[in-house]
Amino acid sequence: MSTSNKYILYIAMALMPVAIGCNKDFLDRDPLTSPSSGTFWTSEADVQTALAGVYSRLQADFFGYQRVYLDAISDNAYADPGNAFLSNLPALTTGGINPGYSSGSPLGIMYSTPYKVVTSCNYFLDNIDKAPITDAKKNAYKAEVQFIRALAYFDLVQSFGGVIIYRNFPVTLESVKIAKSSKEEVYAFIEQDLDFAIANLPDDAYNGHAVKASAQGLKARVLITQEKFAEAIPLLQEVMGNTKFGLSNDYAALFKTSGQANAAVKKEILFATQYLAPNNIQRSGQAGMDIELGWFSLIQPYKDLADDYEMTDGLPANESSLFNAATPYANRDPRLDLTLRVPGEVWKNPSTGEEWTGSYATSTGFLMEKYVDLSRAPFNANTSTATDQDYIHLRFADILLMFAEAKNEVSGPDASVYNAINQVRQRPGIAMPAVDEARYNTKEKLREYIRHERRIELALEGQRYNDLKRWKIAHIKLPTMKTPAGTPFVFEQKHYVLPFIQYELDNNPQLVQNDDY
């Protein structure tokens with residue numbers, strides 16, 4: 001992606017964490033250092049520098065490229081237990097959901113990292129009015145930041161239910177120690193931020209900054225998560241009718257740096273966490289997607305996912321004459337080969353033709369191919385310095401599938417629902433058969449098919465876990481799974497809401513633990 005189209009995140013940051021008093025880790029996400037008001041917020045350039053600081057928060061943990069690891073706490077993939085970057089992640093699938101983890105554990109960062117984002121947002125919002133720019137410009141900048149704050153709170157409420165709402169930048173330790181709000185209050189706060197964003201963001205193609213369609217798409221996802229399907233439909237229809245967006249003409253290219261710079265590809269992107277080599281690569285204490293996924297095999301897709309891909313005739317494998325037990329993954333939906341490395345597949349650098357043998361260490365038999373850029377293979381420490389694929393939070397295919405889901409829930413199957421699904425299935429290079437309308441002719445049958453299509457289209461993008469939870473089937477589906485070692489998955493009713501780790505409770509006596517923990 002060109003420098004002009006990528007938001008430059010490596011400029012000097014206005015917002016850096018600092019401790020106040022004691023409890024340094026606790027306050028890393030709360031009060032931040034701020035430049036002197038006499039020397040900062042004096043120009044639009046200062047505003048843009050502060051805005052870059054807010055966007056930079058999205059590169060951390062599950063807001064950045066590591067969000068794909070959330071699929072490894074679903075039925076889609078296994079997290080390698082040797083992953084030093086996200087230790088304890090596999091335990092979250094086998095009964096290890098409890099308050100006893102550290103602040104640096106996956107459960108800990110699910111809580112703390114969104115609050116780092118929120119605090120940067122609140123610092124910006126509390127100070128931008130000092131800048132000598134027009135109200136219209138201020139509102140446009142505020143809209144970007146309120147979109148990002150909504151994104152952070154959406155993560156929090158999906159994981160923990162009711163959480164603490166900070167509407168302003170906390171300036172003392174005691175101002176941080178407040179009670180949580182209800183889940184409903186958090187969703188209302190998110191929707192308020194997104195309504196402001198929709199009203200004030202430019203109606204432009206995505207260019208590295210949040211735009212109107214970014215906020216419309218996120219609000220639709222927020223509404224669908226609350227089963228407010230009828231309210232989501234107009235938002236989705238407006239995005240679907242916006243000619244600045246559409247499906248990429250190359251599915252695989254969506255997840256590679258070179259493709260994300262191509263106008264015919266990037267029109268599918270509504271919002272992403274951006275990276276830019278050489279200064280802002282993914283390797284920041286970690287190793288980046290190419291090495292973590294394509295070499296270290298830290299995400300290993302399950303056979304359960306691979307088997308869910310249809311044959312090219314549009315039928316499940318157990319119903320298709322195209323299925324051959326000797327080559328079980330031949331003649332499949334092309335998205336299978338573009339998403340997973342299947343057993344026996346040889347990876348080659350598309351530019352040089354050189355085979356990438358790597359370690360291919362996998363306990364499931366499969367590797368993740370989506371987001372792995374084989375044009376950089378063979379992978380090593382040097383190639384990681386170029387790893388700057390943007391992680392896509394929201395894309396046009398998701399808009400179409402959310403519309404199909406919402407419309408079907410409101411009024412059942414109709415031509416608009418089938419058409420939305422078919423657009424995703426029949427994009428160039430995929431060309432799968434249209435939905436069998438005779439077979440999927442009721443709300444209930446089509447509901448299951450839409451859920452299947454979401455799993456296939458969005459596989460290994462970090463959405464499956466929250467999809468299973470919002471459909472309220474995680475407690476049904478996940479216990480049917482086992483790890484490669486044969487350990488059964490555990491997902492109880494209480495796990496729809498995660499516990500606050502004890503560290504957070506100790507530091508905030510006003511924070512009450514979620515039920516059943």
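Summary of values
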{"item": "Sole residue being part of a loop (DSSP other than H, G, I, E, B) and charged (D, E, K, R), chosen from ASP337, ASP313", "result": "ASP313"}
{"item": "Among (1) within 18 Å of ARG395 (Cα to Cα); (2) surrounded by fewer than 18 Cβ atoms within 10 Å (Cβ to Cβ); (3) of a type outside the set (A, V, I, L, M), the one test that GLU437 misses", "result": "(1)"}
{"item": "Hits in the range 479-512 (condition: open to solvent by less than 60 Å² (accessible area, probe 1.4 Å), among the aromatic types (Phe, Trp, Tyr) and assigned to a helix (DSSP H, G or I))", "result": "TYR496"}
{"item": "Filter pass, LYS407 being basic (Lys, Arg) and either over 24 Å from the mean Cα position of the chain (by Cα) or not in a loop (DSSP other than H, G, I, E, B) (or both)", "result": "yes"}
{"item": "Selection within the range 450-466 - part of a helix (DSSP H, G or I) and crowded, with 18+ Cβ neighbours inside 10 Å", "result": "ILE450, GLU453, ARG454, ARG455, ILE456, GLU457, ARG464, TYR465, ASN466"}
{"item": "Scope the range 72-120; condition under 20 Å from the mean Cα position of the chain (by Cα) and of a type in the set (Gly, Ala, Ser); matching residues", "result": "ALA72, SER74, ALA77, ALA79, SER87, GLY104, SER105, GLY108, SER112, SER120"}
{"item": "The range 255-273: number of residues that are open to solvent by 10 Å² or more (accessible area, probe 1.4 Å) and touching a residue at least 60 places away in the same chain (Cβ under 8 Å)", "result": "6"}
{"item": "Flag if ARG470 is out of contact with any Ser or Thr (no Cβ under 7 Å at 6 or more places or on another chain), modelled with pLDDT of 95 or more and more than 30 Å from ALA287 (Cβ to Cβ)", "result": "no"}
{"item": "Breaking point among (1) over 17 Å from PHE396 (Cα atoms); (2) over 19 Å from the mean Cα position of the chain (by Cα); (3) surrounded by 17 or more Cβ atoms within 10 Å (Cβ to Cβ), for GLU174", "result": "(3)"}
{"item": "Residue selected from the range 88-129 under the condition open to solvent by 10 Å² or more (accessible area, probe 1.4 Å) and of a type in the set (A, V, I, L, M, F, W, C), by the criterion farthest from GLY486 (Cα to Cα)", "result": "LEU125"}
{"item": "Filter result for THR352 (surrounded by fewer than 23 Cβ atoms within 10 Å (Cβ to Cβ) and assigned to a helix (DSSP H, G or I))", "result": "no"}
{"item": "Test: residue in the range 208-226 that is of a type in the set (A, V, I, L, M), crowded, with 18+ Cβ neighbours inside 10 Å, in contact (Cβ under 8 Å) with a residue 60 or more places away in the chain and over 28 Å from ALA420 (Cα atoms)", "result": "no"}
{"item": "Single condition GLY358 does not satisfy, out of (1) closer than 30 Å to LEU151 by Cβ; (2) surrounded by fewer than 23 Cβ atoms within 10 Å (Cβ to Cβ)", "result": "(1)"}
{"item": "Criterion violated by ILE165 - all others in (1) more than 19 Å from PRO114 (Cα to Cα); (2) touching a residue at least 12 places away in the same chain (Cβ under 8 Å); (3) surrounded by fewer than 23 Cβ atoms within 10 Å (Cβ to Cβ) satisfied", "result": "(1)"}
{"item": "Conditions (1) touching a residue at least 12 places away in the same chain (Cβ under 8 Å); (2) more than 26 Å from LYS219 (Cβ to Cβ); (3) not hydrophobic (A, V, I, L, M, F, W, C): number failed by ARG439", "result": "(1)"}
{"item": "Top-ranked residue of the range 236-252 - restricted to ones that are open to solvent by 30 Å² or more (accessible area, probe 1.4 Å) and free of Cβ contacts under 8 Å to residues at least 40 places away in the same chain, ranked as farthest from LEU401 (Cα to Cα)", "result": "THR243"}
{"item": "When residues of the range 41-55 are limited to those that are open to solvent by less than 40 Å² (accessible area, probe 1.4 Å) and without any contact (Cβ under 8 Å) to a residue 60 or more places away in the chain, the one nearest to PHE154 (Cα to Cα)", "result": "ALA52"}
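The values are calculated or read from the model by the stated rules, or taken from the named source; none is laboratory data. Keep in mind the model is a prediction, meaning the values are calculated, not measured. Reconstructed Cβ throughout: ideal geometry from the backbone, glycine too, with neighbour counts over all protein chains shown. Heavy atoms of the whole protein, side chains included, go into the accessibility calculation; ligands, DNA and RNA do not. Shrake-Rupley method; radii C 1.70, N 1.55, O 1.52, S 1.80 Å.
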